[in-house]
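To start, the structure itself, in structure tokens.
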Amino acid sequence: MKRNKQDNEVNNRAIKVLVGSDFVEKKWKDVVVGDIVRVENGQFFPADLVLLSSSEPDALCYIETSNLDGETNLKIRQGLQETTELLTPEAVAGLEGVIKSELPNNSLYTFEGTLRLSHKEVPLDPAQLLLRGAMLRNTRWVYAIVINTKQVDQSRKNGQHPDCLYSPFEQDIIMVNVAQAPYMVFSNFLTFMILYNNLIPLSLIVTMEFVKYFLGTLINSDMDMYHEHSDTPATARTSSLVEELGQVDYIFSDKTGTLTCNVMEYKMCSIAGTGYAETVPDEKKARVIDPDSGKESGHYDFRRLIANLDSNNPAVSPVINEFLTLLAVCHTVIPETTEEEPGKIVYQASSPDEGALVKGAMTLGYTFTTRRPKSVTIRHHERDEEYEVLNICEFNSTRKRMSSLVRTPSGNIKLYIKGADTVIFERLAKEGNKYIEETNAHLEEYASEGLRTLCIAYRDIPEEEYIEWSKIYDKAATQINNRSEALDKAAELIENDLILLGATAIEDKLQDGVPDTIHTLATAGIKLWVLTGDRQETAINIGYSCKLLTEDMSLIVCNEETHFGTKEFLEQKLAAVKSGLEPTESQRSNYQGFISLLPFCKRRFDKVNKDADHDAEPLALIIDGKSLGFALEDDIKFTFLELACICKAVVCCRVSPLQKALVVKLVKKNVYGAVTLAIGDGANDVGMIQAAHVGVGISGMEGLQAARSADFAIAQFRFLRKLLLVHGGWAYSRLSKLILYSFYKNITLYLIQLWFAFDNG
């Protein structure tokens, strides 16, 4: 009923649709493919649309997609040059043409199509796509044409039908009723047995639903799990799984935004092999370690960086200028000014990291001021510089980098690129890179302090090479099918022979209460696996900070480069661990068993810590994304799983969203009786959250998509402690007592009938 009510509210929203040469209000449900609509500032898009024109210059508009992907930052969309002059209803009414587009699919970030006008055919890409459910912001109006409606729009394709979820209690009860039915029907004692048909309490499921609903309201109203700063209460989005919270064995957690605040601050950088930091402790101040070569160790503060920039030293100043220019130019950030503070620039970034880098460049004197459809303007040393943006090769979880091809004010073409060290280092030029060793040392130092790192590089592009490459890029950009793969391949052709400038380090602080929460959950016998896209050193440092890893743990670190190397490493470690884990007879007796609630509802409480509770030292498994990819293949995955389950903690680094989901599924399907819980805050955690038995979303800086995809939503990781150990534990206990009471009541009632049967024969 609630879902139907929400659907009716959405379907009956009003939107202006072109009829003849005027716009008339219609309901969303009456909009059809081919309609031209006028959407005004603050309105949601009623269907998937292709942008034609807007109130802004060059058919520019800004949209917010938090309802779709959870990202609250604004995104730019721009109509085609051929339709920018359609600024009146009469002009739009005269438009004639044909749109060819891909079939509706579940991808929010790709779109491939063409618009054929009378004189030519032009490509359509995601820059013109306005998805249903997104909101128009900071733009008075747009004209757009409908390409998908209702059940086939991309936002619906990206979702899943909300299945009815049943906990093990309900499944077991249903199975018993079903199993009894054939026996009762075909038994020779049919009449006699019918007298006992109420021995199995059929009303129990209904009673349980009422009790679970009430237990869900206790979660919703718990002030201990209310986050005052963001005005966010805990929410039970389903009451069907409330008792499973008290049975969780494994927690799979994202790091950024889940264990940390996801509020990034630009702290340190390495430029031309020299380290700089916002503040430098005495023990880390720069000092000469080799007088003959002048080699230095340690860091200078940012004041020294600015002094070196202004020194006109040909060995240092140009590199610093290039580095800071790259930070201010190579991004997709949108600058905004507020009416309250007209002179203050607010940056709308697609990720907190990108926003932190642009702000970092601003604090060092390179301010990003203006973004136009094909250029960006930065200000430094009291002068403005405009860079023409020729192409942007966007970041994704496979590429792990983003690059911009720009034409500088002097007319030269440059490729600016930033990304993970693993992908940047393998694309560096063999000659001309003098700072690799020093930069790598700084990267390891930053990561050991728990900072998030990126490598910064560039390349000068000859005009002839760019002309040839742009033909390949333009061809890829006009493909109808597999456009994103073609664009990635085109980017690969030019993202090579790079010159390393340095690296950046960004701090993301732990949330309050995370170490205590993890320690308490571990004491309760719950294992925590952290799945993160960060560097291994960063993840390990955060692991120690949040008490996931302890000093008495032995770390098993897997960084193998090949399939067979990974297999051999895991098999050797598993054999070594097993040889030290043979339990004594007294220990075996402690692990004998199962607590039987009912014959059909059994659970092994002590299974989780069976291996880890032996006298051997505690273990932690650290594995990187490449090795994990091999470890999840069929011939290795059970070895990996067995070793991981023996360890008290597991940290998977540099992992993709798909790998997160595969790890959860591996444990869920192959560890008998284990209940899994996944917790995350971003769109990249949705697959993992949906794969687990119980999904918990955090309402954080990356929006609400994770929270909306989850069974339960909380504002901070520390609330997980009460959610599991209090609400989950009590719900499990209360429902157990309810079941036992219901059976006890019915057995007591029908024993009288049984005694009477003995009496009358």
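A few comments on the model shown:
- Residue-count net charge about S203 - beta-carbon cut-off 12 Å; Lys, Arg +1, Asp, Glu -1: 0
- Solvent-accessible surface (1.4 angstrom probe) belonging to W730, in square angstrom, nearest 10: 140 Å²
- Listed cross-link partners K212/K665; K578/K637; K418/K547 are compared with a 29 Å cut-off, the Cα-Cα value being larger for K418/K547.
- Spin-label model, T550/T748: points 7 Å from Cα along the beta carbon direction are separated by 4.6 nm.
- Cα-based shape type of segment 2-59, given that a ≥ b ≥ c are square roots of the gyration tensor eigenvalues and the cut on a/c is 1.5: prolate
- Helix-only mean residue ellipticity at 222 nm for the chain, each DSSP H run of n ≥ 4 adding -39500 (n - 2.57), per residue, nearest 500: -10500 deg cm²/dmol
- The share of alpha-carbon pairs in segment 278-432 lying farther apart than 18 Å comes to 66%.
- Per residue, segment 236-375 exposes 42 Å² of solvent-accessible protein surface, assessed with a 1.4 angstrom probe and all protein chains in place.
- Cα→Cβ-extended label distance, 7 Å offset, between N11 and A307, nm: 7.1 nm
- Here the simple spin-label model places points 7 Å from the Cα toward Cβ, and for I205 and S470 these points are separated by 6.6 nm.
- In sequence order, calculated HN-Hα J values of segment 715-725 (Karplus, 6.51, -1.76, 1.60; Hz; x Gly/Pro): 9, 9, 4, 5, 6, 4, 4, 6, 4, 7, 7
- Ratio of the Cα radius of gyration of the chain to 2.2 N^0.38 Å, where N counts its residues: 1.10
- Overall dimensions of segment 410-468 as given by Cα atoms, namely Rg and Dmax in Å: 14.2, 44
- Centre separation in Å (Cα based) which lies between segment 618-681 and segment 87-101: 52 Å
- Solvent exposure, largest accessible area first (probe 1.4 Å, DNA, RNA and ligands not counted), of R371, R401, R237: R237, R371, R401
- Sulfur and carbon atoms: percent of accessible area, the chain [1.4 Å]: 53 percent
- Solvent-accessible surface (1.4 angstrom probe) belonging to K475, in square angstrom, nearest 10: 150 Å²
- Cα-based helix-to-principal-axis angle, 536-545 vs the chain, degrees rounded to 10: 60 degrees
- Here's the list of lysines a cross-link from K29 could span, going by alpha-carbon distance under 19 Å and ignoring same-chain residues fewer than 8 apart: K2, K5, K16, K150, K157.
- Stretchable slack from E283 to T562, in nm (0.36 nm times residue separation minus alpha-carbon distance): 96.4 nm
- Amide H contacts of A134: F45, each under 5 Å away and 5 or more positions distant or on a separate chain (H built 1.01 Å from N in the peptide plane; Pro and chain starts excluded).
- The C-alpha atoms of the chain define a longest principal axis, and helix 317-329 lies at about 50 degrees to it.
- At an R0 of 41 angstrom, the distance between the Cβ atoms of S448 and T398 translates into a FRET efficiency of 0.90.
- Beyond 32 Å in Cα-Cα separation lie the following of the pairs K284/K567; K527/K737; K267/K471; K75/K509; K567/K668: K284/K567; K267/K471.
- Relative contact order (percent, whole number), the chain, Cα cutoff 8 Å, 6+ residue spacing: 15 percent
- Backbone HN-Hα couplings from phi across segment 632-637 [Karplus 6.51/-1.76/1.60, Hz, Gly and Pro as x]: 8, 6, 4, 7, 10, 4
- Within segment 453-528: Cβ-based charge dipole about Cα centre, in debye rounded to nearest 20 (Lys, Arg +1; Asp, Glu -1): 420 debye
- Cross-link reach list, aspartates and glutamates versus K430, counting only Cα pairs under 13 Å and skipping chain neighbours closer than eight places: D497
- Amide H partners (placed H, <5 Å) of Q511, local residues excluded: T260, C261
- Förster radius 51 Å - calculated FRET efficiency between D634 and R372, Cβ distance, rounded to 0.05: 0.50
- Calculated SAXS-style log₁₀ I(q)/I(0) at q = 0.10, 0.18 Å⁻¹ - segment 221-346, Debye, Cα scatterers: -0.65, -1.14
- Within straight-line reach of K374, meaning a Cα separation under 12 Å, sit the following aspartates and glutamates at least 8 residues removed in sequence or on another chain: D58, E386, E388.
- Calculated from backbone phi, Karplus (6.51, -1.76, 1.60) coupling profile of segment 517-527 in Hz, x at Gly/Pro: 5, 5, 4, 5, 5, 5, 4, 7, x, 9, 8
- Förster radius 56 Å - calculated FRET efficiency between D384 and M223 (Cβ-Cβ, nearest 0.05): 0.60
- Y446 - accessible surface, heavy atoms, 1.4 Å probe, Å² rounded to 10: 0 Å²
- Charged-residue dipole, Cβ positions (Lys, Arg, Asp, Glu), the chain about Cα centre, Debye nearest 20: 2280 debye
- Extension gain, F758 back to S21 (0.36 nm per residue minus Cα-Cα distance, nm): 256.5 nm
The values are calculated or read from the model by the stated rules, or taken from the named source; none is laboratory data. The shown structure was predicted, so the numbers you read here are calculated from the model rather than taken from an experiment. Ideal geometry is used to build each Cβ from the backbone, glycine not excepted, and the neighbour counts take in all protein chains shown. Just so you know, the surface numbers come from the protein's heavy atoms only, side chains and all, with ligands and any DNA or RNA stripped out. Shrake-Rupley method; radii C 1.70, N 1.55, O 1.52, S 1.80 Å.
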